[in-house]
Amino acid sequence: MNHIVVISASLDKKERERVEQLSSRMPKYKFLFLSPGDFKGPFKRLRYNRAARKAVADSCLVLASHAPEYSQSLPVRPLPCGVDFEAFNSAAERNLPFPDDLFNIKNPIIGHFGELDGNANLQTIKKAAEAHPEWSFVFLNHLSGPYELPSNVYFVGEKPKAHLPAYISRFDVCINIANSSLASPENLYQYLASGKPIVSSPHPAQALDYADAIYLAGTPEEFIALCKRAIGERDAWKVRRRVEYGRAASWDARAAELERTIKELSV
């Protein structure tokens, strides 16, 4: 009973990073990976093969990247997403290296990194950039597609995770413009750890948990208005609250949550 089963269809790079973060903090547990292909037939009928059945039966916890898909047939918990709190909290300091590709971009800078999942995101940005040419929108992404965007929208390419805090430290506002409930909350947790003002769409659902400390925008008009409020934010308590939320999403906290869950299940 000292192993944790992780069910994932793809086990992509991000999922591997999550498991590595957890396993490094939970050394007495072995993490065992299974894919849906290890199970025969629909999960709801529990016709999975003997080895998979034994692995699940002998485990102390089952995690899945898409827990709702399996929750009707197996007692699974979602594979948690967390943040390297110390690294991203350092973005609150202005003594990090100044990124070269931001030197010629004027403030205020409204910044984004993470996945972009559709044209709706960029339409919102286009409207905001046209309405406020004095703002700079910086994306740590590559622009794909034949989009025509105003000159105050910059795509500076993806950056290694270790470099992200230096960029956040130069952002005046961080934005999350996901338009899918399946979007990863990872960048949201990283923003929170920095304490920076955040304007976010209601996606993913985790954003709603922080409604008292971030600005939730459901329409392009709300997005523009809330960016303006975020730029002028002077509420120190909101900074502290965001940092508290970021700390609660740290990998240390996530590992502690799983330890408590394992104890509860063993009672």
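The values are calculated or read from the model by the stated rules, or taken from the named source; none is laboratory data. Since the structure is predicted, the reported quantities are computational estimates derived from the model, not experimental observations. Cβ sites come from the backbone with ideal geometry, for glycine too, and all protein chains shown count toward neighbours.
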(request) Please verify whether region 181-195 includes one or more residues that are more than 20 Å from ALA248 (Cα to Cα) and in contact with a Leu (Cβ under 9 Å, 6 or more places away or on another chain). (result) no
(request) Can you tell me which residue within region 12-23, out of those that are of a type outside the set (D, E, K, R) and touching a residue at least 12 places away in the same chain (Cβ under 8 Å), is farthest from ASP252 (Cα to Cα)? (result) VAL19
(message) Given the condition closer than 30 Å to TYR29 by Cβ, among the polar types (S, T, N, Q) and surrounded by fewer than 17 Cβ atoms within 10 Å (Cβ to Cβ), answer yes or no: does some residue in region 253-264 qualify?
(response) yes
(request) Assess whether TYR210 counts as being hydroxyl-bearing (Ser, Thr, Tyr), surrounded by 15 or more Cβ atoms within 10 Å (Cβ to Cβ) and out of contact with any helix residue (DSSP H, G or I) (no Cβ under 7 Å at 6 or more places or on another chain). (result) no
(message) Out of the residues in region 82-117 meeting the condition of being more than 23 Å from the chain's Cα centre (by Cα) and within 25 Å of TRP251 (Cβ to Cβ), tell me which one is surrounded by the fewest Cβ atoms within 10 Å (Cβ to Cβ).
(response) ASN95
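Looking at region 135-153, which of its residues are surrounded by 10 or more Cβ atoms within 10 Å (Cβ to Cβ) and either in contact with an Asp or Glu (Cβ under 8 Å, 6 or more places away or on another chain) or not aromatic (Phe, Trp, Tyr) (or both)?
SER136, VAL138, LEU140, ASN141, HIS142, LEU143, LEU149, PRO150, ASN152, VAL153
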(message) Considering only residues that are buried (at least 20 other Cβ atoms within 10 Å of the Cβ) and over 23 Å from SER90 (Cβ atoms), which ones fall in region 213-223?
(response) TYR215, ALA217, PHE223
(message) Whether any residue in region 162-174 is surrounded by 15 or more Cβ atoms within 10 Å (Cβ to Cβ), under 23 Å from TRP237 (Cα atoms) and in contact with a Cys (Cβ under 7 Å, 6 or more places away or on another chain) is what I want to check.
(response) yes
(message) I'd like to check which strands (runs of 3 or more DSSP E) are fully inside region 52-153 and have at least 2 residues that are at pLDDT 95 or above.
(response) 109-112, 136-139
(message) Considering only residues that are more than 16 Å from TYR189 (Cβ to Cβ) and among the aliphatic types (A, V, I, L, M), which ones fall in region 162-176?
(response) ALA162, ALA166, VAL173
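Mind listing whichever residues of region 1-49 are part of a loop (DSSP other than H, G, I, E, B), modelled with pLDDT of 90 or more and within 22 Å of the chain's Cα centre (by Cα)?
Once the filter is applied, which keeps residues that are part of a loop (DSSP other than H, G, I, E, B), modelled with pLDDT of 90 or more and within 22 Å of the chain's Cα centre (by Cα), region 1-49 yields only MET26.
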